[in-house]
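Trainee: First, the structure itself, so that you have it in front of you.
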Amino acid sequence: MLTMENQSSEKVESTTALTVHNDDSTAESYTNQIFNSIPALSEAASYLQDTTSYLTRCFTASDGILGEGIELRTMPPSRDQGSFSRDNGSSTSGWSSFFERLADANTSSVHVGEMSSAGSSSQVRSGSVTSTSNVQNGSSIFQGLISRARKTVLGSADDIGWLQRATNLPPVQDGTKRFNQLLERIRSGEHKLPDSLVYLLVPGLFSNHGPLYFVNTKSFFSKMGLACHIAKIHSEASVEKNAREIKEYIEEIYWGSKKRVLLFGHSKGGVDSAAALSLYWSDLKDKVAGLVLAQSPYGGSPIASDLLREGQLGDYVKLRTLTEILICKVLKGDLQALEDLTYEKRREFLNKHPLPTELPVVSFHTETGIAPGILTSLSHVAHAELPIVAPRADSQPTKLPVVMPLAAAMAACAQLLQIRYGEKSDGLVTRRDAEVPGSVVVRPDRKLDHAWMVYSPMNVDTSETDASQVCEALLTLLVEVSQKKMHEITRKNE
């Protein structure tokens, strides 16, 4: 038995060498960086190692099981063991193939054990039945561990950009060049948005707790003599609930003004707006002129998925519980609002309710900078009214700006997504998940985070365009897309 244990130990060491061996220093350092920087991964890996050791001791109980135990722990060699995939700068695809090979090795070992026990004598067979059952039970546990480790390590790697990989969806058109031209004309004082439309701005998640969300843009449009409204929806409500409220907003505006509505949805507001048009298109098709989705997780969000999906990081560090307390108890919202942004929910919804093909759509996404200077940036999110200390001529209370380091938070999230998935993002939404199939896509080179579109920074760079001008350029582009689409439809009908 001692000799058998030594042999098993040698095999385990050999297997470990096979599993960890990696000739590519980049992939190896990346893997070490993941496990060292994220405690949850270290915990999962430790759990996997301890359980595997326990199974090893179980499998060395008899001669008949020793060989099967060795097969269970031996991973078949790969043609390129040192190659963890470098797709988009990430090694998650390599991890995926690693777990698949490990699962295949485990499955094949069980089949070998079954064949071995079938060819044994009747005396040995009675003992082998119990031993084979132990192997199968151990195999089931091991498969569960592989699945758990796979979910934890890969996260949302297989989900990001799924819309772009789908073969049954219409392609996008690049409208970046035209957008830049319109933006330059707007900066020169040329404004072409028609007053024959009403502009409805739909805010995103947590907008109820940021009083200045879209306020500058609404004021900018009003000064140009345009009818502009901000949809007062409960931003922490579910997508379908907000879709119903947006439908009612559109109908109320149309009945009151007899003008069609252009929708501009930011972040989850874009998802809510798209859902309203998908669910109620028969009622809204004559009342809506088009939709802009700005920095919207139309395909889903890795942040939401990693927080809420089982087997993700939220399981290990209680992030799911903390998120539920924040949304449900503190903000008085519905956790479904965040769940609706996971990849699983977005796939399910879009398969049932795709956007109408005749709807003009513009999608806009950005990438945030992660330079050290961003950590000192502050965003103006609200006003705090203070009691009057000294008499003022206008007898108005003193207003103190409320600022938050939103840019720093977005930069930190963007760096996490870059390290883990190799994906560019605005801090919350990856660029690939923000492209709506069939839309005209705007991909600016300028580094802009997720909050920039709706909250003004404290230090405004007058040499750059501001968020209100970007919104105007996007809506102007949408008007052109709408006119072109209407012309195409008219020509087809003729």
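Trainee: Looking only at residues in the range 461-485 that are within 17 Å of F214 (Cβ to Cβ) and charged (D, E, K, R), which one is modelled with the lowest pLDDT?
Mentor: D466
Trainee: Taking the range 350-374, which residues are open to solvent by less than 60 Å² (accessible area, probe 1.4 Å), within 30 Å of I419 (Cβ to Cβ), touching a helix residue (DSSP H, G or I) at 6+ places or on another chain (Cβ under 7 Å) and hydrophobic (A, V, I, L, M, F, W, C)?
Mentor: Those that are open to solvent by less than 60 Å² (accessible area, probe 1.4 Å), within 30 Å of I419 (Cβ to Cβ), touching a helix residue (DSSP H, G or I) at 6+ places or on another chain (Cβ under 7 Å) and hydrophobic (A, V, I, L, M, F, W, C): F364, I374.
Trainee: Restricting the search to the range 237-267, which residues are assigned to a strand (DSSP E or B) and closer than 27 Å to D433 by Cβ?
Mentor: V261, L262, L263, F264, G265, H266
Trainee: A follow-up question, please. Considering only the range 458-466, I want to know if a residue exists there that is on the phi < 0 side of the Ramachandran plot and touching a His at 6+ places or on another chain (Cβ under 9 Å).
Mentor: yes
Trainee: Right, something else. Could you run through the range 181-226 and say how many residues are without any contact (Cβ under 8 Å) to a residue 24 or more places away in the chain and more than 21 Å from V261 (Cβ to Cβ)?
Mentor: Total satisfying the criteria: 6.
Trainee: Which one is modelled with the lowest pLDDT, of the residues in the range 220-236 that are assigned to a loop (DSSP other than H, G, I, E, B) and surrounded by fewer than 17 Cβ atoms within 10 Å (Cβ to Cβ)?
Mentor: Restricting to residues being assigned to a loop (DSSP other than H, G, I, E, B) and surrounded by fewer than 17 Cβ atoms within 10 Å (Cβ to Cβ), the top hit is H234.
Trainee: Is at least one residue of the range 268-286 part of a helix (DSSP H, G or I), surrounded by fewer than 24 Cβ atoms within 10 Å (Cβ to Cβ), at pLDDT below 95 and not polar (S, T, N, Q)?
Mentor: No.
Trainee: Would you check which residues across the range 430-452 are β-branched (V, I, T) and open to solvent by 10 Å² or more (accessible area, probe 1.4 Å) and list them?
Mentor: V440
Trainee: Ok, one more. Name the pairs: first residue in the range 326-347 and under 20 Å from A434 (Cα atoms) and at pLDDT 80 or above, second residue hydrophobic (A, V, I, L, M, F, W, C) and surrounded by 19 or more Cβ atoms within 10 Å (Cβ to Cβ), Cβ to Cβ under 6 Å, at least 6 apart or on different chains?
Mentor: Filtered contacts from the range 326-347: A337/A237; L338/A304; E339/L308; D340/V239; L341/A304; T342/A304; T342/L308.
Trainee: Tell me, which residue of the range 156-215 that is of a type in the set (D, E, K, R) and assigned to a loop (DSSP other than H, G, I, E, B) is surrounded by the most Cβ atoms within 10 Å (Cβ to Cβ)?
Mentor: Only one residue fits best here, namely D159.
Trainee: To continue, here is another question. Considering the range 356-367 alone, what residues qualify as being under 20 Å from the mean Cα position of the chain (by Cα) and part of a strand (DSSP E or B)?
Mentor: V362, S363, F364, E367 - these are the residues of the range 356-367 that are under 20 Å from the mean Cα position of the chain (by Cα) and part of a strand (DSSP E or B).
Trainee: Any idea which of (1) out of contact with any Pro (no Cβ under 9 Å at 6 or more places or on another chain); (2) surrounded by 24 or more Cβ atoms within 10 Å (Cβ to Cβ); (3) modelled with pLDDT under 95 is the one A304 doesn't satisfy?
Mentor: Only one criterion is unmet by A304, namely (1).
The values are calculated or read from the model by the stated rules, or taken from the named source; none is laboratory data. This is a predicted model, so every value here is computed, not measured. No Cβ is skipped: glycine too gets one built from the backbone with ideal geometry, and neighbour counts run over all protein chains shown. For accessibility, only protein heavy atoms count, side chains too; no ligands or nucleic acids. Shrake-Rupley method; radii C 1.70, N 1.55, O 1.52, S 1.80 Å.
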